[in-house]
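Asker: Take this structure, written in structure tokens, and hold onto it; I'll ask about it next.
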């Protein structure tokens, strides 16, 4: 009897869905597989480690078929006996019935198309993250807690809103999706702001008129860390058909997660709670960013946030 109960609890744990299909063209290779930790750990390794201690029970990776073997050898093998792992594949020709990938299309269909690849293997509340972003321990703790409470619910999603001051770069200005929320902390919209940086100690950006604006350090921004229930797949599949009908001949059009979330919020179908986190986000966009990420991870290991060897 006890064994049956334990299996049921494990099934109800949320799943982590990792978007790992993109080739890091600006970085110059598969940055998802780059060893940045003291024992060659990838950024994904730290995400998986944090997800496990945040209460997640399964990890699903979406990758491209052409680097499956390398991915399985370098990445998946290390998670054996730690957490259940599954793999799904994103490709340009994985489209709804009646649609054909147009000739000349080389660009992926976008992050929400990647999410759709998980429909057949994810049947519980799930988180979506980028493979090459370092999200931090606290973010997985708050997201895991929120998703665990969403079992059996529908139309009730969440996202981790990073404090903008914890996402800035020492190398220059950044672009961020600044979240707008209602009085209850639910997302009402995301406004893309470019050239955000700290000027005279204050987080600042130039608005549409070129006027310098100051925002609080704790203003939430989206770093593509979402929480959904399985009904999100059905909404995404239905709207993808509309998206394709309108954009099939646009070789650069992409079906992004915020596009789908915004539609569901705007038409009143769903709501999305913005979760606060104290974690600091960092990532590798350009090859020149690499050493800074290595140093930050080493500092976290030194303070005891992470063990010297994760797996």
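The values are calculated or read from the model by the stated rules, or taken from the named source; none is laboratory data. All values reported here derive from a predicted model rather than from experimental measurement. In this analysis, Cβ positions are derived from the backbone assuming ideal geometry, glycine residues included, and neighbour counts consider all displayed protein chains.
Asker: Which numbered condition trips up residue 152, out of (1) at pLDDT below 95; (2) within 29 Å of residue 268 (Cα to Cα); (3) touching a strand residue (DSSP E or B) at 6+ places or on another chain (Cβ under 8 Å)?
Answerer: The one condition residue 152 does not meet is (3).
Asker: Which residues, counting only those in region 36-67, are more than 14 Å from residue 311 (Cβ to Cβ) and surrounded by fewer than 21 Cβ atoms within 10 Å (Cβ to Cβ)?
Answerer: 55, 57, 58, 60, 64, 65, 66, 67 - these are the residues of region 36-67 that are more than 14 Å from residue 311 (Cβ to Cβ) and surrounded by fewer than 21 Cβ atoms within 10 Å (Cβ to Cβ).
Asker: Looking for whichever is more than 30 Å from residue 291 (Cβ to Cβ), crowded, with 23+ Cβ neighbours inside 10 Å and either within 15 Å of the chain's Cα centre (by Cα) or at pLDDT 95 or above (or both) here; the options are 123, 113. Which one fits? Step through it out loud before you land on a result.
Answerer: On the way: 123 fails: crowded, with 23+ Cβ neighbours inside 10 Å.
Answer to the selection: 113.
Asker: Related question: Given the criteria modelled with pLDDT under 90, more than 25 Å from residue 243 (Cβ to Cβ) and surrounded by fewer than 17 Cβ atoms within 10 Å (Cβ to Cβ), does residue 70 qualify? Please lay out each step first, then the result.
Answerer: Numbers: modelled with pLDDT under 90: yes; more than 25 Å from residue 243 (Cβ to Cβ): yes; surrounded by fewer than 17 Cβ atoms within 10 Å (Cβ to Cβ): yes.
In short, yes.
Every residue, every condition in (1) part of a helix (DSSP H, G or I); (2) out of contact with any helix residue (DSSP H, G or I) (no Cβ under 8 Å at 6 or more places or on another chain); (3) at pLDDT 95 or above, yes or no:
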{"site": "189", "(1), (2), (3)": "no, no, no"}
{"site": "195", "(1), (2), (3)": "no, yes, no"}
{"site": "217", "(1), (2), (3)": "no, no, yes"}
{"site": "235", "(1), (2), (3)": "yes, no, yes"}
{"site": "238", "(1), (2), (3)": "yes, yes, yes"}
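Asker: Right, here's the next one. Quick one: how many residues across region 69-85 are in a helix (DSSP H, G or I), under 20 Å from the mean Cα position of the chain (by Cα) and more than 19 Å from residue 54 (Cβ to Cβ)?
Answerer: Adding up the residues that qualify gives 2.
Asker: Any chance you could count how many residues in region 265-301 are part of a helix (DSSP H, G or I) and farther than 22 Å from residue 132 by Cα?
Answerer: 2
Asker: Mind checking which pairs have a first residue in region 149-164 that is in contact (Cβ under 8 Å) with a residue 12 or more places away in the chain and at positive phi and a second that is outside any loop (DSSP other than H, G, I, E, B) and surrounded by 14 or more Cβ atoms within 10 Å (Cβ to Cβ), Cβ under 6 Å, 6 or more apart or different chains?
Answerer: If the second residue must be outside any loop (DSSP other than H, G, I, E, B) and surrounded by 14 or more Cβ atoms within 10 Å (Cβ to Cβ), no pairs are left.
Results for (1) assigned to a strand (DSSP E or B); (2) modelled with pLDDT under 85, shown as yes or no for each residue.
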{"residue": "4", "(1), (2)": "no, yes"}
{"residue": "17", "(1), (2)": "yes, no"}
{"residue": "52", "(1), (2)": "no, no"}
{"residue": "59", "(1), (2)": "yes, no"}
{"residue": "91", "(1), (2)": "no, no"}
{"residue": "95", "(1), (2)": "no, no"}
{"residue": "99", "(1), (2)": "no, no"}
{"residue": "104", "(1), (2)": "no, no"}
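Asker: Mind telling me which of the residues 209, 262 ends up being on the phi < 0 side of the Ramachandran plot, crowded, with 16+ Cβ neighbours inside 10 Å and either assigned to a loop (DSSP other than H, G, I, E, B) or touching a strand residue (DSSP E or B) at 6+ places or on another chain (Cβ under 9 Å) (or both)? Talk me through it step by step, then tell me what you get.
Answerer: On the way: 209 fails: crowded, with 16+ Cβ neighbours inside 10 Å.
262 is the lone residue from the list that is on the phi < 0 side of the Ramachandran plot, crowded, with 16+ Cβ neighbours inside 10 Å and either assigned to a loop (DSSP other than H, G, I, E, B) or touching a strand residue (DSSP E or B) at 6+ places or on another chain (Cβ under 9 Å) (or both).
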